[in-house]
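The values are calculated or read from the model by the stated rules, or taken from the named source; none is laboratory data. It should be emphasised that the depicted structure is a prediction, and the values quoted were computed from it without experimental measurement. Don't worry about glycine lacking a Cβ; one is built from the backbone with ideal geometry, like all the others, and counts go over all protein chains shown.
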């Protein structure tokens with residue numbers, strides 16, 4: 001018999017307070033990911049990073065998720081071991097990786113600190129600073145993507161049947177707050193009297209604070225499980241590896257996964273290079289370029305919850321994904337061939353980057369059974385990371401190949417590449433909407449209607 005006793009998730013204040021806590025963890029994740037984007041020119045100046053080196057540094061974040069399948073394995077661990085153990089493990093990896101990255105850029109390390117001799121003993125064409133920072137970025141990526149999977153399952157656990165799309169929108173809005181702060185605050189910290197590495201250390205400590213906040217969430221999660229008498233799930237509901245085959249042979253799930261791959265590959269790698277792009281194309285200062293880059297996360301802070309509310313209230317998730325994908329293509333094309341005010345273009349890109357995620361992530365909960373949701377999100381993040389791995393490398397290679405010097409870079413060909421990805425995403429969005437009419441998952445219906 002269904003347990004009718006009220007639980008923590010039935011208390012709106014506790015439910016939304018929980019969301020703020022895991023949103024803080026996500027904001028710390030996004031802050032660290034984007035905090036080094038304004039540092040591209042500084043890393044070139046201090047350590048001799050080329051555009052390819054920087055692209056490699058950005059992309060190594062995705063290596064554990066592409067080649068080791070950690071996001072999908074993390075999703076399986078999540079469905080088998082639960083939120084608390086899985087979340088603590090991977091948020092800890094995230095914090096450790098962030099601290100190692102900051103250490104690799106520190107003056108103490110550069111002057112022969114622990115690990116410098118070892119990192120200098122191989123691949124002499126790469127600086128020991130780059131190699132230590134790559135190790136830190138690798139560990140950060142190993143933890144960060146699975147932590148996002150964990151937080152996505154937390155949202156489903158607390159909000160399914162309630163304000164699910166709005167909750168995902170708020171979660172994403174909080175995440176973009178981290179990105180916004182990174183693009184605004186990092187340039188200021190770079191120029192601080194404490195030295196440019198202050199920007200990286202602040203980011204690393206932000207992630208460490210996120211780990212402490214997750215420990216507090218774990219206590220709430222334990223209490224909710226005890227109230228629902230679900231701390232130990234029935235073995236008949238446990239994840240089976242054959243479930244993964246069922247996921248990837250479901251057309252709707254396949255299309256939404258491919259949309260996730262192409263859409264995010266056209267946004268996050270661009271954002272990593274965006275501060276340098278604006279600096280070169282529009283002849284701006286590093287601080288001005290950082291502010292323009294911040295327009296995207298600033299817009300998504302407001303638009304993503306708004307579109308989540310619309311999906312909850314009126315539905316049309318598949319249609320909104322089409323609109324967002326189309327806007328993405330237009331904006332990247334404008335960046336490539338026009339001199340339209342970049343502030344305006346970034347705000348509009350923020351609308352696109354709100355439409356698709358606010359519609360896509362809650363839609364997965366309609367397509368996939370809840371007992372498989374961790375595996376589903378993990379698989380999607382693993383596929384997404386293929387793009388997040390390869391696109392920064394390709395962008396760096398394209399920039400080095402189409403520019404004779406490291407200054408006054410022409411980003412035209414790189415932006416054409418991002419626009420082409422957006423076109424593929426638009427195709428998958430159309431296929432998803434068509435398939436939904438056949439499969440009847442109700443992606444066009446309000447959240448509580450399915």
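Data overview
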read-out: Meets criteria (under 17 Å from the mean Cα position of the chain (by Cα), farther than 15 Å from residue 254 by Cα, in contact (Cβ under 8 Å) with a residue 24 or more places away in the chain and surrounded by 19 or more Cβ atoms within 10 Å (Cβ to Cβ)) for residue 350; value: yes
read-out: Positions within the stretch 213-244 being part of a helix (DSSP H, G or I), surrounded by fewer than 14 Cβ atoms within 10 Å (Cβ to Cβ), at pLDDT below 75 and in contact with a helix residue (DSSP H, G or I) (Cβ under 7 Å, 6 or more places away or on another chain), in sequence order; value: 237
read-out: Flag if residue 397 is under 26 Å from residue 71 (Cβ atoms) and either crowded, with 19+ Cβ neighbours inside 10 Å or under 21 Å from the mean Cα position of the chain (by Cα) (or both); value: no
read-out: Leading residue by the ranking (farthest from residue 328 (Cα to Cα)) among those in the stretch 418-432 that are surrounded by fewer than 19 Cβ atoms within 10 Å (Cβ to Cβ) and in contact (Cβ under 8 Å) with a residue 12 or more places away in the chain; value: 431
read-out: Residue in the stretch 306-327 that is on the phi > 0 side of the Ramachandran plot, more than 21 Å from the chain's Cα centre (by Cα) and either without any contact (Cβ under 8 Å) to a residue 12 or more places away in the chain or in a helix (DSSP H, G or I) (or both) present; value: no
read-out: Within the stretch 89-162, helices (runs of 4 or more DSSP H) holding 2 or more residues that are crowded, with 18+ Cβ neighbours inside 10 Å and touching a residue at least 40 places away in the same chain (Cβ under 8 Å); value: 128-159
read-out: Members of the stretch 163-188 found to be closer than 17 Å to residue 10 by Cβ, assigned to a helix (DSSP H, G or I) and at pLDDT below 85, listed by number; value: 164
read-out: Unmet requirement for residue 36, which otherwise passes all of (1) modelled with pLDDT under 90; (2) closer than 25 Å to residue 414 by Cβ; (3) in contact with a helix residue (DSSP H, G or I) (Cβ under 6 Å, 6 or more places away or on another chain); (4) buried (at least 19 other Cβ atoms within 10 Å of the Cβ); value: (3)
read-out: Where a residue in the stretch 187-202 is without any contact (Cβ under 8 Å) to a residue 40 or more places away in the chain and its partner, wherever it lies, is buried (at least 19 other Cβ atoms within 10 Å of the Cβ) and assigned to a loop (DSSP other than H, G, I, E, B), with Cβ under 8 Å and at least six apart; value: none
read-out: Residue within the stretch 259-269 that is closer than 19 Å to residue 44 by Cβ and either modelled with pLDDT of 90 or more or assigned to a helix (DSSP H, G or I) (or both) present; value: yes
read-out: Number of the exception - residue 254 against (1) within 23 Å of the chain's Cα centre (by Cα); (2) at pLDDT below 85; (3) surrounded by fewer than 23 Cβ atoms within 10 Å (Cβ to Cβ); value: (2)
read-out: Number of the condition not met by residue 404 [criteria: (1) within 23 Å of residue 292 (Cβ to Cβ); (2) free of Cβ contacts under 8 Å to residues at least 40 places away in the same chain; (3) part of a loop (DSSP other than H, G, I, E, B)]; value: (1)
read-out: Some residue of the stretch 290-301 being in contact with a helix residue (DSSP H, G or I) (Cβ under 6 Å, 6 or more places away or on another chain) and surrounded by fewer than 19 Cβ atoms within 10 Å (Cβ to Cβ); value: no
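Here is a yes/no grid of residues against (1) under 16 Å from residue 105 (Cβ atoms); (2) crowded, with 24+ Cβ neighbours inside 10 Å:
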position: 177; (1), (2): no, no
position: 186; (1), (2): yes, yes
position: 194; (1), (2): yes, no
position: 197; (1), (2): yes, no
position: 200; (1), (2): yes, yes
position: 206; (1), (2): yes, no
position: 211; (1), (2): no, no
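Rundown of residues vs (1) more than 23 Å from residue 401 (Cβ to Cβ); (2) touching a residue at least 24 places away in the same chain (Cβ under 8 Å); (3) surrounded by 20 or more Cβ atoms within 10 Å (Cβ to Cβ); (4) under 18 Å from the mean Cα position of the chain (by Cα), yes/no style:
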| site | (1), (2), (3), (4) |
| --- | --- |
| 26 | yes, yes, yes, yes |
| 48 | no, yes, no, no |
| 55 | no, yes, yes, yes |
| 62 | no, yes, yes, yes |
